[in-house]
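Have a look at the structure below before the remarks.
The values are calculated or read from the model by the stated rules, or taken from the named source; none is laboratory data. Every value quoted in this text rests on a predicted model; they were computed, and no experiment measured them. Cβ placement follows ideal geometry from the backbone for every residue including glycine, while neighbour counts extend to all protein chains displayed.
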Amino acid sequence: MKKEKLIIFDTTMRDGEQSPGASMTKDEKLRIARQLERMRVDVIEAGFPAASDGDFDAVRAVAAIIKDSTVCGLARANEQDVRRCGEAVKGAKSPRVHTFIATSPIHMEKKLRMEPSQVIEQAVKAVKWACEYTDNVEFTPEDAGRSDMDFLCRVIERVIKAGATTINIADTVGYTLPEHFGGLIRSLRERIPNSDKAVWSAHCHNDLGLAVANSLSAVLNGARQIECTINGLGERAGNASLEEIVMAVRTRQDVFPCDTNIDTTHIVPASRLVSGITGFAVQPNKAIVGANAFAHEAGIHQDGVLKSRDTYEIMRAQDVGWISNKLVLGKHSGRNAFKVRLAELGIELPSEEALNVAFKRFKDLADKKHEIFDEDLQALISEEASENLENDYYHLISLTAHSETGEPPFAKVVVSEDGREKPAQAKGSGPVDASFKAIESIVKSGAELLLYSVNNITSGTDSQGEVTVRLSKGGRIVNGQGADTDIVVASAKAYINALNKLHSKVERLNPQV
């Protein structure tokens, strides 16, 4: 018997973008959208068009280029939001408008300051406005996990009658437990007379670490769409992780009555792309996409895997896009070989000029690092993209750092500020601290350093280090990234990258601001 289809709705570019510092430019959204389309994601939620002109333009741009996935925008249940969203997605080959309103007593009273009858009326109006743009309309009762069951039934019955074709049950604050959330889905489907007229969906947050478990429980109770994000990215503790849901369903086909259309070999490349753009590193022990996800150190485990892989591995690493640190290029590799390998990795550069710049950076890296792996290429392209924001104001020209036992570390830097080169030097508790202080003495940003993180891109002492820096200033939070075989240089690059984002006028507004 043919399995039912489980629709994968990716909200990395909308809900995932609400993580502090994870907001994206239009070009970054386009890169992610193309990768999601390659992965055969069914629905791509590209943003919140009413949030800003920048987000409207980004959603419209995604709608214009994506042909094989549905492109969706989010709108609050008011006419201005819904019409703005409808205009943004109407150019898509397959558009969807997704509207929502809170239905829990605490949200209606404290946030909306609306009576239940008013909420129902507004929800119905929003769905009808959305239907003027497309017959693919999704409705979400926000904070459904804490809503009254009888009231939920009334709202949902009315919006389905008004034209909603997908009903998305949101555990907005990550409050529910798997048994209860699955039971909620089942009860709603059983109690609402016209429930068979819509696809049932789940949107779960990870505040208690249960987003994936709740989502899978929803599937077992009749949900046929799951809203999720790459790497579990999202506000607070994040959203349900796309890769974990897809591989759980794919691996346990003995349990699930459905399957996805996802090309799982694109999962790891998508994870790296999102991590590189947002500056949110993937923890090593993260399921599916973490560096240790398929690593075995215990002797008993190693022995078992060598004898038969399935003794300790329930999935094949290759099936989710892992490669064995394949050596692909070296200092003698030519431009065409470089271009071909990027294409094999699913990396598209916007122009020949961009390819030439990337190839030069590759050659520079090959002079420092004899063996160039695919991971190095992906990091190189991510860094290249992040350093080519419009109106880049700061550039690192040179850096000298000194660290000696018994002596205070110091650093000398030359930074270009709006085309003018400025030198500075400073002492610090270490070479990285000294470098940051020297840079700050030039730029005088006044930004607060919230995060400093280092990860190695590949193994070995000559591996590139990838540094993430998170800065905060005036309510804005940005992430900067830099990569280099020299960790101090990588750190300075990351700091400069973050400063450029703070200074840039390129639209990077958090959709909920």
Taking segment 270-281, which residues are buried (at least 22 other Cβ atoms within 10 Å of the Cβ) and out of contact with any Phe, Trp or Tyr (no Cβ under 8 Å at 6 or more places or on another chain)?
-> A270, S271, R272, L273, S275, G276, I277, T278, G279, F280
List pairs: first in segment 282-294 and closer than 18 Å to T251 by Cα, second surrounded by 15 or more Cβ atoms within 10 Å (Cβ to Cβ) and of a type in the set (K, R), Cβ under 9 Å, 6+ apart or cross-chain?
-> V289/R272; A293/K286
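Here are V137, V159: which of them is crowded, with 23+ Cβ neighbours inside 10 Å, among the β-branched types (V, I, T) and under 25 Å from K67 (Cα atoms)?
Numbers: V159 fails: under 25 Å from K67 (Cα atoms).
Within the list V137, V159, the selection yields V137.
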Run down S195, S201 and say which single residue is among the small types (G, A, S) and more than 28 Å from G16 (Cα to Cα).
-> S195
Of all helices (runs of 4 or more DSSP H) completely enclosed by segment 145-260, which ones contain at least 3 residues that are farther than 25 Å from M13 by Cβ and either basic (K, R) or without any contact (Cβ under 8 Å) to a residue 60 or more places away in the chain (or both)?
-> 149-162, 178-191
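Residue check: is D27 under 28 Å from N500 (Cβ atoms), in the same structural domain as R236 (by TED's automatic domain parsing), surrounded by fewer than 21 Cβ atoms within 10 Å (Cβ to Cβ) and modelled with pLDDT under 95? Talk me through it step by step, then tell me what you get.
Working: under 28 Å from N500 (Cβ atoms): yes; in the same structural domain as R236 (by TED's automatic domain parsing): yes; surrounded by fewer than 21 Cβ atoms within 10 Å (Cβ to Cβ): yes; modelled with pLDDT under 95: yes.
Criteria met by D27.
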Is it fair to say A50 is crowded, with 24+ Cβ neighbours inside 10 Å and out of contact with any Phe, Trp or Tyr (no Cβ under 7 Å at 6 or more places or on another chain)?
-> no
Within segment 125-145, residues more than 28 Å from G174 (Cβ to Cβ) and of a type outside the set (S, T, N, Q) come out as K125, K128, W129, C131, E132, Y133, D135
Is it the case that some residue within segment 120-134 is closer than 18 Å to H203 by Cβ and in contact with a Ser or Thr (Cβ under 6 Å, 6 or more places away or on another chain)?
-> yes
Test: residue in segment 300-323 that is farther than 24 Å from A33 by Cα, at pLDDT below 75 and surrounded by 19 or more Cβ atoms within 10 Å (Cβ to Cβ) = no
Filter result for R60 (under 25 Å from I185 (Cβ atoms) and among the basic types (K, R)) | no
In segment 100-151, the residues that are of a type in the set (F, W, Y) and more than 30 Å from A88 (Cα to Cα) = F151
Residue count, segment 88-139, condition under 21 Å from V59 (Cβ atoms) and at pLDDT below 95, comes to 0
Check G428, G465 and return the single one that is closer than 30 Å to A291 by Cα and not assigned by TED's automatic domain parsing to the domain that holds I381.
-> G465
Specify the residue that is nearest to Y393 (Cα to Cα); the eligible residues are those in segment 458-468 that are in contact (Cβ under 8 Å) with a residue 40 or more places away in the chain and crowded, with 22+ Cβ neighbours inside 10 Å.
-> T468
Hey, does segment 330-341 have a residue that's polar (S, T, N, Q), in the same structural domain as S429 (by TED's automatic domain parsing) and at pLDDT 80 or above?
-> no
Can you name the condition, by its number, that K437 falls short on among (1) closer than 23 Å to S463 by Cβ; (2) buried (at least 18 other Cβ atoms within 10 Å of the Cβ); (3) not hydroxyl-bearing (S, T, Y)?
-> (1)
Has segment 186-202 got at least one residue that is buried (at least 24 other Cβ atoms within 10 Å of the Cβ), on the phi > 0 side of the Ramachandran plot and at pLDDT 95 or above?
-> no
